[in-house]
Amino acid sequence: MIVLDDTKTRIIFATMKAVRQYGLEGVRIQNVAELAGVSPGALYRYFDGKDQMIVECFTYVDKQAAEIFEHLSFNPLAMLTDPVGAIKGLWLPYFRFWTSHPDETVFYHRFRDSTFFPQYDRERDVTYFDTFIGMVNAFKKAFPRLNQINQDLLWLHVLTSTVLYAKYVVEGTLPNDQETEDTVFRLLITGLSGYLKPDRGRKKKE
């Protein structure tokens, strides 16, 4: 559970709302202060400036997304008998998190798409995704063919596509319904299906 000072929390949510309204480059301290209901000076008691606010907003949302996997049941046996169903069981709550948090989704997408993100990404600590990484490793162990895929490209594809489609939902471009969820998932899983097969030859050798 992520717990912050109430005022700091208001500022973080106001920052994301302001980014949604004015864009990452266009947002100003005054915009955030007005949305948070505090004076501009109050913001500097919590943040050094706009850049730090943006980074802390991203970290806050990223940790929220990571927490989803902390509360999901993960059955390795189900993964072996129905890998696609197991993946959907993990992916669907993640997708629904984004579609139910409009400001966070637009902010997250814009920040990841910014020129500032690559430098930040190289330095950030992502240990809060350890539970998710453990699930990924379990899949790779059960289905060794997954290791044939460039892992950076694989998860960049899954994350970027999921957040992008969720952004289309919260912006009203796509409907927020079962059909959209099913279609997005099918698009994501199509490229993976050929790799979700146990390596039987390897098992025999062992």
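The values are calculated or read from the model by the stated rules, or taken from the named source; none is laboratory data. Quick caveat: nothing in here was measured; it's all calculated off a predicted structure. Counting neighbours? That spans all protein chains shown, and the Cβs are built from the backbone with ideal geometry, glycine included. All accessible areas refer to the heavy atoms of the entire protein, side chains included, with ligands and DNA or RNA removed. Shrake-Rupley method; radii C 1.70, N 1.55, O 1.52, S 1.80 Å.
Annotations for the structure displayed:
- Farthest positive-ward along the stretch 98-206 dipole, Cα basis, beta-carbon charges - from Phe132, Leu164, Ile149: Ile149
- Model label sites at Arg28 and Leu72, defined 7 Å from Cα along the beta-carbon direction, differ in position by 4.2 nm.
- Positive dipole terminus of the chain, leading residue within Phe69, Gln119, Phe97 (C-beta point charges): Phe69
- Histogrammed with a bin width of 10 Å, the alpha carbon distances of the chain distribute as 7, 30, 32, 19, 8, 2, 0 percent, first bin at zero.
- Kyte-Doolittle mean at least 0.5, axial Cα span of 20 Å or more - DSSP H helices of the chain: 151-170
- Computed over protein heavy atoms with a 1.4 Å probe, the accessible surface of the chain works out to 56 Å² per residue.
- Pairwise FRET efficiency - Asn147 versus Gln64, Cβ, R0 = 22 Å, nearest 0.05: 0.15
- Each of Ile189 and Leu154 was given a label point 7 Å from its Cα along the Cα-to-Cβ line. The distance between the two points is 1.7 nm.
- Check: the chain dipole with +1 on Lys, Arg Cβ and -1 on Asp, Glu Cβ, in debye: 880 debye
- Spin-label model distance (nm) - Leu92 vs Arg45, 7 Å beyond Cα toward Cβ: 4.5 nm
- Near Val170, once Lys and Arg are set to +1 and Asp and Glu to -1 for all other residues with Cβ below 10 Å from its Cβ, the sum equals -1.
- Cβ-defined net charge surrounding Ser39, 15 Å radius [Lys, Arg +1; Asp, Glu -1]: +3
- Residue-count net charge about Tyr22 - beta-carbon cut-off 13 Å; Lys, Arg +1, Asp, Glu -1: +2
- Calculated SAXS-style log₁₀ I(q)/I(0) at q = 0.21, 0.23 Å⁻¹ - the stretch 1-79, Debye, Cα scatterers: -0.89, -1.04
- What a 1.4 Å probe finds exposed on the chain is 53% carbon and sulfur by accessible area, rounded to a whole percent.
- Pairs of Lys residues in the stretch 72-206, spaced 8 or more positions apart or belonging to different chains, with C-alpha separations under 26 angstrom: 13 in total.
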